[in-house]
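**Q** One structure is given below, represented as structure tokens, and several questions about it will come after.
The values are calculated or read from the model by the stated rules, or taken from the named source; none is laboratory data. Since the model is a prediction, treat every value here as computed from it, not as a measurement. Cβ placement follows ideal geometry from the backbone for every residue including glycine, while neighbour counts extend to all protein chains displayed. Ligands, DNA and RNA are stripped out before the accessible areas are found, and what is left, the full protein with its side chains, is counted by its heavy atoms. Shrake-Rupley method; radii C 1.70, N 1.55, O 1.52, S 1.80 Å.
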Amino acid sequence: MKFNQINRIAGVALLAVVAGLGMSSCTKDTDGTPQIPAGNPVLTKIMPDSAAGGAIVTLTGTGLGDIRSIVFEKQNVPAGFQPTLNTENVLIFRVPTDVLGGKQNITFTNSAGNTLTVPFKALAYPTVSDVSNYNFTKGTVITLTGNNFDDVTAVAIADSVKGISDAATVVSKSKTQLVVQMPTTTLTRGTLSITNGTGRMRTKQEFVNVDKAYQIFADAYGAGFQDGSWGDAGAISTKEFKSGAASVGKNFQKGNWHLIAFANWSSSAIPYSADYTYVTGWIKGASADYSLYLTTDAGKAAFGDYVEANKIDVKAGVWNYFKIKLSDMDFWMAGKTLKQVGFRIKGPDKQDETFYFDDIMLVK
């Protein structure tokens, strides 16, 4: 009798467990997406109605449930969104980072195939991350690397303070690369103004007009300049150059005493002038990374001294650009005439090293 009672209790418990399993098996698994059926989507508002890639946009309206795709019209670029944030009245999504700029439609499609088309302006200003050269003369071709160049309509070298803007020629363009030919200009230096379907921007990079600079060395020694190097003389190279057709190379022998020098002992040597703002140029590195020290005979230190404020880090095997404010270094004291400009390294200690120098200039 006692055993029969126990069996009945166990049977009831088993039935309860089975029933519970049966009930749980009837519950639909979800990914957290609101269970809102697809409707007939109608727009109330999109906020903001213009934005750049990566920005978050909120769409409000009715019938917005179960949206499955969001596509920007230009080249059919899809946008990412989180379905768990999609409700009957609100949809939150992000502008794709590779969106093409300009006015276009965004198409929203739900699981029933119903669509909603909303006008939008994608902001995709040109951005410049790298340039092939910072120096130019009339006709120089410069390649810009960056983003959003495919719809560029105009480029100019400009100075907003002076109110000068001279149009450059667009040679070719793609999404990530823009090639331009520089114009004749009266500007000593300026930024590039680039206009595309989104609008106009100015580059952070500044470009120097070689013809308006005081040339210490360009394709040849500047007026009155000659080689004044310590140790091995500088040698003109037509195989290694950054601009034009030539540079000057210098072999720094092992032993820590060589120096390349650009010397002007003529009457064309220039006395101090506060009009000059920068010293600039290109240096092609040797077999290893080194620091070169720019030195002059017009500074506080003696010619050939190592002054930390004048140090230029030069990476191995590539052309390195430098542009330094004269006020930030020991370069030129008031009342002195600049006759020698040089570059020296501490070393080399292991072996001889050769560096190349191009477009060494003073810029107003």
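**Q** Tell me, please, whether a residue that is touching a Ser or Thr at 6+ places or on another chain (Cβ under 8 Å), open to solvent by 40 Å² or more (accessible area, probe 1.4 Å) and either modelled with pLDDT of 95 or more or closer than 17 Å to ALA286 by Cβ (or both) can be found in the stretch 308-315. Don't jump to the end; show me each part of the working.
**A** In the first step, residues of the stretch 308-315 are kept if they are touching a Ser or Thr at 6+ places or on another chain (Cβ under 8 Å); the result is 310-314.
Now drop any that are not open to solvent by 40 Å² or more (accessible area, probe 1.4 Å), which leaves 311, 313.
Next, only the ones that are either modelled with pLDDT of 95 or more or closer than 17 Å to ALA286 by Cβ (or both) stay: 311, 313.
Yes, there is a match, as at least one residue in the stretch 308-315 is touching a Ser or Thr at 6+ places or on another chain (Cβ under 8 Å), open to solvent by 40 Å² or more (accessible area, probe 1.4 Å) and either modelled with pLDDT of 95 or more or closer than 17 Å to ALA286 by Cβ (or both).
**Q** Which of the residues spanning the stretch 89-110 are open to solvent by 60 Å² or more (accessible area, probe 1.4 Å), assigned to a loop (DSSP other than H, G, I, E, B) and either modelled with pLDDT of 95 or more or not acidic (Asp, Glu) (or both)? Outline the logic, then answer.
**A** Step one: list which residues in the stretch 89-110 are open to solvent by 60 Å² or more (accessible area, probe 1.4 Å), which gives 89, 94, 97-98, 103.
The next check asks that each one be assigned to a loop (DSSP other than H, G, I, E, B); those that pass are 89, 97-98.
Hits for the stretch 89-110 are ASN89, THR97.
**Q** Then there is this: Would you point out the residue of the stretch 64-75, among those that are more than 13 Å from ALA122 (Cβ to Cβ) and not in a strand (DSSP E or B), that is most open to solvent (accessible area, probe 1.4 Å)?
**A** ASP66
**Q** Anything in the stretch 286-307 that is in a loop (DSSP other than H, G, I, E, B) and either open to solvent by 10 Å² or more (accessible area, probe 1.4 Å) or among the aromatic types (Phe, Trp, Tyr) (or both)? List them, or say none. Let's see the steps before the verdict.
**A** Initial filter on the stretch 286-307 (in a loop (DSSP other than H, G, I, E, B)): 286-289, 297-307.
The answer is ALA286, SER287, ALA288, ASP289, ASP297, LYS300, ALA301, ALA302, PHE303, ASP305, TYR306, VAL307.
**Q** Which members of the stretch 219-252 meet the condition of being in contact with a Ser or Thr (Cβ under 8 Å, 6 or more places away or on another chain), part of a strand (DSSP E or B) and either hydrophobic (A, V, I, L, M, F, W, C) or more than 9 Å from TYR356 (Cβ to Cβ) (or both)?
**A** ILE236, VAL248, ASN251, PHE252
**Q** Oh, and also: With the requirement that a residue be touching a helix residue (DSSP H, G or I) at 6+ places or on another chain (Cβ under 7 Å) and within 28 Å of GLU240 (Cα to Cα), what does the stretch 332-360 give you?
**A** Residues of the stretch 332-360 touching a helix residue (DSSP H, G or I) at 6+ places or on another chain (Cβ under 7 Å): 332, 359.
Listed by number, the list holds a single entry, ASP359.
**Q** Would you check which residues across the stretch 194-233 are without any contact (Cβ under 8 Å) to a residue 60 or more places away in the chain and surrounded by 20 or more Cβ atoms within 10 Å (Cβ to Cβ) and list them?
**A** PHE225, the sole residue that qualifies.
**Q** Additional query: Checking the structure you have, find out if any residue of the stretch 260-278 is over 22 Å from LEU362 (Cα atoms), buried (at least 16 other Cβ atoms within 10 Å of the Cβ) and either touching a Gly at 6+ places or on another chain (Cβ under 9 Å) or not polar (S, T, N, Q) (or both). Step through it out loud before you land on a result.
**A** To start, the set of residues in the stretch 260-278 that are over 22 Å from LEU362 (Cα atoms) comprises none.
Checked against the condition, which is being over 22 Å from LEU362 (Cα atoms), buried (at least 16 other Cβ atoms within 10 Å of the Cβ) and either touching a Gly at 6+ places or on another chain (Cβ under 9 Å) or not polar (S, T, N, Q) (or both), the stretch 260-278 yields no hits at all.
**Q** Just name the residue that is least open to solvent (accessible area, probe 1.4 Å) out of those in the stretch 111-148 that are in contact (Cβ under 8 Å) with a residue 24 or more places away in the chain, of a type in the set (Val, Ile, Thr) and closer than 30 Å to THR44 by Cα.
**A** VAL118
**Q** Is it the case that the stretch 34-41 has a residue that's open to solvent by 40 Å² or more (accessible area, probe 1.4 Å), modelled with pLDDT of 95 or more and either in a strand (DSSP E or B) or in contact with a strand residue (DSSP E or B) (Cβ under 6 Å, 6 or more places away or on another chain) (or both)?
**A** Scanning the stretch 34-41 turns up no residue that is open to solvent by 40 Å² or more (accessible area, probe 1.4 Å), modelled with pLDDT of 95 or more and either in a strand (DSSP E or B) or in contact with a strand residue (DSSP E or B) (Cβ under 6 Å, 6 or more places away or on another chain) (or both).
**Q** Another question, if that's okay. Tell me, which residue of the stretch 316-336 that is in contact (Cβ under 8 Å) with a residue 60 or more places away in the chain and crowded, with 18+ Cβ neighbours inside 10 Å is nearest to ALA213 (Cα to Cα)?
**A** Let us first name the residues in the stretch 316-336 that are in contact (Cβ under 8 Å) with a residue 60 or more places away in the chain, namely 319, 321, 323, 332-336.
If we keep only those that are crowded, with 18+ Cβ neighbours inside 10 Å too, we end up with 319, 332.
Numbers: TRP319: 20, TRP332: 17 Å.
It comes out as TRP332.
**Q** Evaluate the following for THR184: is it of a type in the set (S, T, N, Q), within 20 Å of ILE142 (Cβ to Cβ) and touching a helix residue (DSSP H, G or I) at 6+ places or on another chain (Cβ under 7 Å)? Walk me through it before giving the result.
**A** Numbers: of a type in the set (S, T, N, Q): yes; within 20 Å of ILE142 (Cβ to Cβ): yes; touching a helix residue (DSSP H, G or I) at 6+ places or on another chain (Cβ under 7 Å): no.
No; evaluated as a whole, the condition is false for this residue.
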